[in-house]
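A quick write-up on the structure given underneath.
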Amino acid sequence: MADTSLTQHRSSVAVLWRVHRVWVVSAALLVGVTLVSPAQGAASLQFTLTAILQTAPFLLMSIAIAAYAAATGADNLIAKAFSGAPVVMVVIASLVGALSPFCSCGVIPLIAALLVMGVPLSAVMAFWLASPVMDPSMFALTAGVLGVEFAIAKTVAAVGLGLLGGYVTLFLMRAGALTNPLRPGIGNGGCGGASVRAPKPVVWRFWTDADRRTRFGREALSTTLFLGKWLTLAFILESLMLAYVPAETVTRLLGGDGVLTVVVAALVGVPAYLNGYAALPLVGGLMDQGMAAGAGLAFLVAGGVSSLPAAIAVWALARPPVFVLYLGLALGGSVLAGLLFGAVA
């Protein structure tokens, strides 16, 4: 009986940790900093609250967009991106990946469904590369944290990365490479693929349907909690970074628009990336300390496409040649985007 109770207790603790670990880490950081330096603890708390209030309008816009997309079923628009000639499919898939929301199950299962269904790898790669970088909700929050110009540049980078990846893949496919891209035993993508296998009509006036109104409220609450916890952690980390990381160090490593600076930012973005929303305040803080705009864009794009969790998922899904191509396109495209933005910013 004692062993059973202990097992249940450990299981409950594990569940609580999995659900609330970001809040726990945020609280632990504030408490730890306050114990070491009460003045810095108070400053970090004030900084975090002020930052959240300043981004609140964009945060609310982001939440509303995500909830509206879920309630209307806008993820079903994905199916339209994967029909027609491969050259045209790459363009549409890049645009859809960068500008439209998709199933919350994540892009990896959806990619599996598309490939199993026989969609050309070129179009799938375009969507694969563009989708993690930007969507309407992310655009609203990026504009609030880093400015409209940066948000537009990130959107252009997402579309450009999709086009680059799609056409490079198409060229390799026509040369006879990249046949059978999936590892053996990969399934059909679950709910991520449902919107592609059997697309349903989008109901833009969702408020006329009780179930869709419920879905809107549920998605709004879920998105609020998700963004709230990650932005809180990100703003705490930004406050500590501004307090303890010398600005001259950031300027030396990531200042300027040289190729090496952008390459370093892209490489650092892969392991350092938390998620798309949490990364925004961190990049904002780095740019305040001297990080170049091009390096900041490279950091966000590289981290979004090829963060460690995403890379591990791709490795589990695709055969090694496809995985290597994916990483090469992600990093190379990120560096190119950073250099171009640095040249015009």
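General remarks:
- Amide H partners (placed H, <5 Å) of Gln289, local residues excluded: none
- Spin-label model distance (nm) - Thr34 vs Arg183, 7 Å beyond Cα toward Cβ: 4.5
- Remark: spin-label model distance Ala27-Ala56 equals 2.3 nm, labels positioned 7 Å along the Cα→Cβ axis.
- Placing a label point 7 Å from the Cα of Ala42 along the Cα-to-Cβ direction, the residues of segment 222-245 whose backbone N falls under 19 Å from that point are 236, 239-240, 243-244.
- Measuring r between the beta carbons of Ala85 and Leu242 and using R0 = 41 Å, the FRET efficiency lands at 0.20.
- Amide H contacts of Ala318 (H built 1.01 Å from N, in plane; Pro and chain starts excluded): Arg183 sit under 5 Å, all sequence-distant by 5 or more or on other chains.
FYI, it's all coordinate maths here, none of it is from the lab. As the structure is a computational prediction, the values presented were derived from the model and not from experiment. Note that each Cβ is placed from the backbone with ideal geometry, even for glycine, and that neighbours are counted across all protein chains shown.
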